[in-house]
Amino acid sequence: MTPAMQPLGARNISEWSPGAPPDGSGHVMSVSGSRVSIMLPRRHAADPSTLRATVGRFLGIRVGTVIQVGVVTNVSLETNPAPRDQDFISAAQIDLIGEIHGHGTVAARFNRGVTDYPAIGDPVITIGPDELRLIFNVSGAGVVDVGTLQQNTALAAYVNVNDMLSKHFAILGTTGVGKSSSVAFLVDQVTRVRPDLRVLILDVHNEYGRCFGPRAQVLNPANIRLPFWLFNFEEIVDVFFAGRPAVEEEVDVLAEVIPLAKAAYAQYVGAADRSGGRDPEAGPVRYTADVPLPYRIVDLVSLLDARMGKLENRASRMIFHKLIARIESACNDPRYAFMFENANVGGDIMEEVLSRLFRLPINGVPVSVIQLAGFPSEVVDALVSVVCRMAFDLGLWSDGHDPLLVVCEEAHRYMSADKTAGFGPTRRAVARIAKEGRKYNVFLGLVSQRPAELDATILSQCSTLFAMRLTNDRDQELLRSSVSDTAANLLSFLPSLGTGEVFAFGEGVSLPTRFKFRTLPAHLLPRSEITGPNGLDTNPAETDPSLGAVIQRWRGLARQKAVTGEAARTPSPGIVPPPQPVRTLDPDRYKLLKKPIEAGAAGGGFPSQFSR
């Protein structure tokens with residue numbers, strides 16, 4: 001037995017007997033499941049290190065040839081006179097977490113769980129550096145050094161990347177505890193161990209653009225293109241109605257005309273498909289509002305105009321008129337140019353968009369950072385929904401050929417515990433990744449400062465939790481219910497954790513571990529960038545600080561100037577830009593809108609609020 005493994009204050013365990021402990025060694029007083037109560041002797045000045053048992057420290061209990069390992073969760077002063085007469089002055093609670101077999105031999109190993117519980121009077125021993133190294137050292141492929149142990153800063157803390165990714169993970173902590181720095185470091189290490197992995201970071205505060213140097217691409221409204229036809233029906237409705245509740249009658253009309261607009265565009269490119277694009281034996285294409293097939297806004301509006309021209313009822317026509325106005329308003333808003341640029345030109349650029357967004361192929365740049373702070377706030381939910389939905393669908397239809405990790409910052413904004421809050425399609429898209437993504441190599445990493453506000457169903461799918469300092473009681477209670485390990489009592493330490501310190505639980509670590517994350521070099525640490533509302537790089541040294549320039553960026557005019565002079569995007573090869581139909585508006589369109597409603601004419605199958 002090494003000196004580090006000697007009993008507390010003892011040198012000859014064989015001479016110990018209950019009631020007459022040698023040299024004041026600690027021993028077991030009671031056992032209740034995985035929790036053990038021990039008595040500790042008075043601290044002696046001659047060898048103080050062997051007697052110091054504090055909360056969070058590991059201690060061992062020798063049971064035959066096995067050393068059972070536990071963590072101290074409570075220490076109290078012993079007031080019972082009988083133990084004090086034997087020089088036992090304090091009591092402690094230990095949560096057992098595993099055991100060491102073959103200690104002192106080359107075959108020594110640590111196993112989670114307990115096979116044989118201690119008995120009353122079994123001696124308590126300290127756990128030294130050699131034992132800590134045996135407990136926390138994880139070997140094998142996909143293991144990374146992420147920090148230093150709190151019990152001994154000379155020892156490294158390890159995370160198994162493959163186990164962490166395969167069942168998702170979450171990093172939780174209040175503001176200012178180092179979450180962003182920890183996320184950046186973890187993503188950097190993960191991409192180095194898994195060169196086949198691509199990472200997509202949904203960056204709410206534009207913090208991560210500088211963290212990965214040339215190994216990351218930064219996407220914002222100035223350089224991303226996400227065509228409107230890639231949005232499914234619920235997402236495009238949310239865009240047209242600017243995040244406000246939709247009008248049911250207008251939604252019904254839109255559901256009818258979008259498939260017709262897709263069919264109209266397909267007629268123009270049918271010749272190109274027959275000449276080598278589509279398999280002629282593949283059968284007819286079914287057009288629905290959700291299938292990501294191109295169509296043009298001009299075709300959509302022309303179909304609405306044609307239908308409106310056949311109506312004489314003012315209330316009915318008003319529905320079409322309002323819907324056309326919403327569509328044209330969104331298309332003409334310069335802030336939405338990333339969606340509606342060349343909306344009337346056409347061209348199937350889905351392959352180009354997916355290749356850029358999800359890094360296919362990687363080409364030495366495995367990370368994509370989408371800076372959400374520059375997008376219009378009313379479409380951010382729809383944007384997150386379409387990106388997460390396409391990430392899952394890409395994994396599904398490629399049979400998981402290209403592994404992808406989606407990191408969602410401020411996850412509680414999109415996956416609220418309140419089912420009535422937020423955007424339903426966003427919640428469903430993220431939940432689908434959480435529940436089924438691992439089957440298709442699509443993994444999820446959640447980052448949040450308010451775990452109590454997160455959807456519990458989604459959080460429960462994260463099998464590795466990195467819990468940083470949390471002071472809110474509801475947050476701590478949620479985490480406590482999510483951790484099935486016997487060391488869940490460690491969560492009571494969360495309010496006192498230092499900056500960068502973390503408790504790690506679950507599949508990615510060998511056992512519940514308290515450690516401090518390493519950090520990236522100072523020039524790569526996350527820092528919120530000064531950006532305009534359009535995501536443009538607004539370096540203070542290069543940006544006009546005048547109020548007029550600020551208003552231009554606010555209105556989206558800065559983006560228009562930034563793209564002026566660029567070459568127009570060319571349509572997909574083999575497809576000739578189809579001619580745009582001439583919109584022949586009914587000359588009586590606006591006259592009819594101003595006509596008074598005749599008695600009984602407001603029926604038409606539409607609600608009476610449109611008959612005013």
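The values are calculated or read from the model by the stated rules, or taken from the named source; none is laboratory data. Just so you know, these numbers come straight off a predicted model, no measurement behind them. Please note: Cβ atoms are built from the backbone with ideal geometry, for glycine as well, and neighbour counts cover all protein chains shown. The protein model used for the area step is the full one, side chains on, heavy atoms only, and it has no ligands, DNA or RNA in it. Shrake-Rupley method; radii C 1.70, N 1.55, O 1.52, S 1.80 Å.
What are the pairs with Cβ atoms under 7 angstrom where one residue, in region 455-471, is closer than 16 Å to V442 by Cβ and touching a residue at least 24 places away in the same chain (Cβ under 8 Å) and the other, located anywhere, is surrounded by fewer than 23 Cβ atoms within 10 Å (Cβ to Cβ) and among the basic types (K, R)? Sequence gap at least six, or different chains.
As it stands, the answer is Q461/K435; S463/K167, since those pairs meet every condition given.
Check S90, S34 and return the single one that is at pLDDT 55 or above, closer than 27 Å to L497 by Cβ, within 40 Å of the chain's Cα centre (by Cα) and of a type in the set (S, T, Y). Steps first, answer last, please.
Details: S90 fails: within 40 Å of the chain's Cα centre (by Cα).
Among S90, S34, only S34 is at pLDDT 55 or above, closer than 27 Å to L497 by Cβ, within 40 Å of the chain's Cα centre (by Cα) and of a type in the set (S, T, Y).
Would you pick out the residues in region 446-493 that are of a type outside the set (S, T, N, Q), under 23 Å from Q151 (Cα atoms) and modelled with pLDDT of 85 or more? Step through it out loud before you land on a result.
Within region 446-493, the subset of a type outside the set (S, T, N, Q) is 446-447, 450-456, 458-459, 462, 465-470, 473-475, 477-480, 483, 485, 487-488, 490-491, 493.
If we keep only those that are under 23 Å from Q151 (Cα atoms) as well, we get 465-470, 479-480, 483, 485, 487-488, 490-491, 493.
L465, F466, A467, M468, R469, L470, listed by residue number.
Condition check ((1) within 13 Å of I61 (Cα to Cα); (2) not basic (K, R)) across all residues:
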site: D95; (1), (2): yes, yes
site: G98; (1), (2): yes, yes
site: G102; (1), (2): no, yes
site: V106; (1), (2): no, yes
site: N111; (1), (2): no, yes
site: D122; (1), (2): yes, yes
site: R133; (1), (2): no, no
site: N137; (1), (2): no, yes
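For a quick check of your reading of the model, give me the residue pairs whose first member lies in region 30-46 and is in a strand (DSSP E or B), whose second is modelled with pLDDT under 85 and aromatic (F, W, Y), with beta-carbon atoms closer than 7 Å and at least 6 apart or on different chains.
M39/F88; L40/F88; P41/F88
Could you count how many residues in region 204-231 are closer than 17 Å to L300 by Cα and either within 19 Å of the chain's Cα centre (by Cα) or open to solvent by 20 Å² or more (accessible area, probe 1.4 Å) (or both)? Please lay out each step first, then the result.
Filtering region 204-231 down to residues closer than 17 Å to L300 by Cα leaves 227-231.
From what is left, the residues that are either within 19 Å of the chain's Cα centre (by Cα) or open to solvent by 20 Å² or more (accessible area, probe 1.4 Å) (or both) are none.
Residues flagged as closer than 17 Å to L300 by Cα and either within 19 Å of the chain's Cα centre (by Cα) or open to solvent by 20 Å² or more (accessible area, probe 1.4 Å) (or both) within region 204-231 amount to 0.
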